[in-house]
Protein chains: 4
Amino acid sequence: MTREVIYPVKVEFGDCDPARIVWFPNFFRWIDAASRHFFIECGVPPWHETEKLLGVIGTPLVDTHASFVKTASYGDTLHIHTFVPEWRTKSFVQRHIIRRDGERIMECDEVRIFAGRTETGIKALPIPEDIRRLCS
Amino acid sequence: MTREVIYPVKVEFGDCDPARIVWFPNFFRWIDAASRHFFIECGVPPWHETEKLLGVIGTPLVDTHASFVKTASYGDTLHIHTFVPEWRTKSFVQRHIIRRDGERIMECDEVRIFAGRTETGIKALPIPEDIRRLCS
Amino acid sequence: MTREVIYPVKVEFGDCDPARIVWFPNFFRWIDAASRHFFIECGVPPWHETEKLLGVIGTPLVDTHASFVKTASYGDTLHIHTFVPEWRTKSFVQRHIIRRDGERIMECDEVRIFAGRTETGIKALPIPEDIRRLCS
Amino acid sequence: MTREVIYPVKVEFGDCDPARIVWFPNFFRWIDAASRHFFIECGVPPWHETEKLLGVIGTPLVDTHASFVKTASYGDTLHIHTFVPEWRTKSFVQRHIIRRDGERIMECDEVRIFAGRTETGIKALPIPEDIRRLCS
């Protein structure tokens, strides 16, 4: 059993393309919101606080893999089911399953890191145990 | 005679809505790019440099008024003609005329300020004479 | 007294720009959703039905005028208050006031038409009395 | 040797998020444009013509896999190098490599189909030999 958080989305007219279906980059827009929403709902403090406590400034995306199963259109209400199926040493997989009335619309596996600052940029930090516990 | 700068836009499939025409918020996306492009082409240094020299951190928008004259769709190439028809004491009007082969598609008058930092936020600075000269 | 409908918006990280505030074209994205939401909440049938009943295929925007009063950022919840302050013969004004905890963030007056098809494009129809009654 | 087409992108201020880097859904926006641009540059007629000739109404995305290698920010000019490394029976892989001055920023493999209409929706058509030849 792992912690799952649901993020609702109402599909609007402007989210759709001339084929009358959701233009696919919009799915990634919603998934990015669902990713951040997951941590907030799990009780992880905002990144400007974790920076002071743990050195964590955010969870940049390093890899994403999505399958488009069914189309969606305006008027639809979607629900993004988000959880972390796998914690690695310095990265984790966040899975997002988008459903409409239970029916699967799209599925996406993201690999993200907990990023900390270095002198010249950012680096992947070891998974903070406190955050892992809150999100599991 | 005043300085005019042209910013080209190729309309893509994903910029259009189920009515097969440009979804109007995308016009504002392009106009914001044209606004910044105007200053660069006029020779104004990037805002992180003007901040040191003049205290100017950017040109936030305070008011915008747009008229939609004709529709556009994917495959179209548009040209945004940008200039400053009016310099006021602490704000200026930037006008953007969007054309397709000379034909007017959309017209937009923006009121923007040159913003400087205060202790608690930002404020409108008097128009810097150097910038005004470059952009006229 | 006129009918007012409220559309809620949660501001997400990706809606904000490097200045950490809402990038202004996103306000128009939300206002377009609020505009359509207003008619649905007032009981107006979807446009593919009104096309058969009244010849109305939608409410294209012809003119918009917006004032940006305060900035907003991610984590904010906004509410768009939408109503029609003025019905003209062949167009109407739709007003959108965006608030955060009662405080005014942005205000926008749109001029829209009820569009019908012609042989070569669209035209503005006289305001349908049934729709006007539902929305007043 | 296979046909490669390059699509240029100028990164704008509004494409970037509060971390001052490109907000990742925008990469997919540009990749979708590069995908369509590829077929046009290869000499494939627009989809409304291929529909009459071949029954092909477009190339919907069924699966996408992207790796984010380096960040990009406003002021950058990117080039998306697009080609088809693999033709399958009823689908194909379209690869997009995004570079900045030769340096790799992002890489994306898309699985797309040539879609034709059925009574109730769409289906994957066998790869049209004429299109395959133009794009190889």
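Some observations on this one:
- Among D:50, D:39, D:82 the positive-end extreme of the charge dipole of chain D (Cβ point charges): D:50
- Rounded Å value of the spacing that divides the Cα centres of region A:42-77 and region C:1-38: 21 Å
- Each Lys and Arg contributes +1 and each Asp and Glu -1, all at the Cβ; summed about the Cα centre of the protein assembly as shown, the dipole is approximately 0 debye.
- The C-alpha radius of gyration of the protein assembly as shown, expressed as a fraction of 2.2 N^0.38 Å, stands at 0.99.
- Mean sequence separation of contacting Cα pairs (under 8 Å, at least six apart), scaled by the length of region D:5-134, corresponds to a relative contact order of 28 percent.
- 3J(HN,Hα) along region A:95-106, derived from phi through the Karplus expression 6.51 cos²θ - 1.76 cosθ + 1.60 where θ = phi - 60°, amounts to 9, 10, 10, 9, 10, 10, 6, x, 6, 6, 9, 7 Hz, with x in place of Gly and Pro.
- Annotation note: trypsin sites (Lys or Arg not before Pro) in region B:56-114 located in DSSP loop regions with a Cβ neighbour count of at most 13 within 10 Å are B:70, B:88, B:90.
- Annotation: amide H of residue D:58 within the under-5 Å range of D:115, sequence separation 5 or more or interchain, hydrogens built in the peptide plane.
- Charge sum, other residues only, whose C-beta stays under 11 Å from residue A:54's C-beta, Lys/Arg counted +1 and Asp/Glu -1: -3
- Per-residue mean of foreign Cβ neighbours for D:68-77 is 2 (Cβ atoms of other chains, 10 Å radius).
- For chain B, the dipole from Cβ point charges (+1 on Lys and Arg, -1 on Asp and Glu) about the Cα centre works out to 180 debye, to the nearest 20.
- With a Förster radius of 22 Å applied to the beta-carbon distance between residue C:20 and residue A:41, the computed FRET efficiency rounds to 0.45.
- Calculated from backbone phi, Karplus (6.51, -1.76, 1.60) coupling profile of region C:76-92 in Hz, x at Gly/Pro: 6, 10, 10, 10, 9, 9, 10, 7, 10, x, 8, 9, 9, 5, 10, 8, 8
- Modelled this way, with points 7 Å down the Cα-to-C-beta line, the labels at residue A:3 and residue D:117 are 4.9 nm from one another.
- Principal-axis tilt of helix A:25-42 within chain A, Cα atoms, nearest 10 degrees: 50 degrees
- For region B:5-14, putting each phi into the Karplus relation 6.51 cos²θ - 1.76 cosθ + 1.60 with θ = phi - 60° gives couplings of 10, 10, 10, x, 9, 9, 7, 9, 3, x Hz, in residue order, rounded to whole numbers and with x for Gly and Pro.
- The fraction of Cα-Cα pairs per 5 angstrom bin, counted from 0 for chain C, comes to 2, 10, 20, 22, 17, 12, 9, 6, 2, 0 percent, rounded to whole percents.
- Our helix-only sum for chain B, with -39,500 (n - 2.57) per DSSP H run of n ≥ 4 divided by its residues, gives a mean residue ellipticity at 222 nm of -7000 deg cm²/dmol.
- Of the residues C:11, C:62, C:111, the one that moves most in a GNM of chain C with alpha-carbon contacts below 10 Å is C:62.
- Share of pairwise Cα-Cα distances greater than 17 Å in region C:1-61 is 54 percent (whole percent).
The numbers here are math on the coordinates, done by the rules we state, and not lab data. Since this is a predicted model, take the numbers as computed values, not measurements. Positions of Cβ are generated from backbone atoms using ideal geometry, with glycine treated the same way; all protein chains shown enter the neighbour counts.
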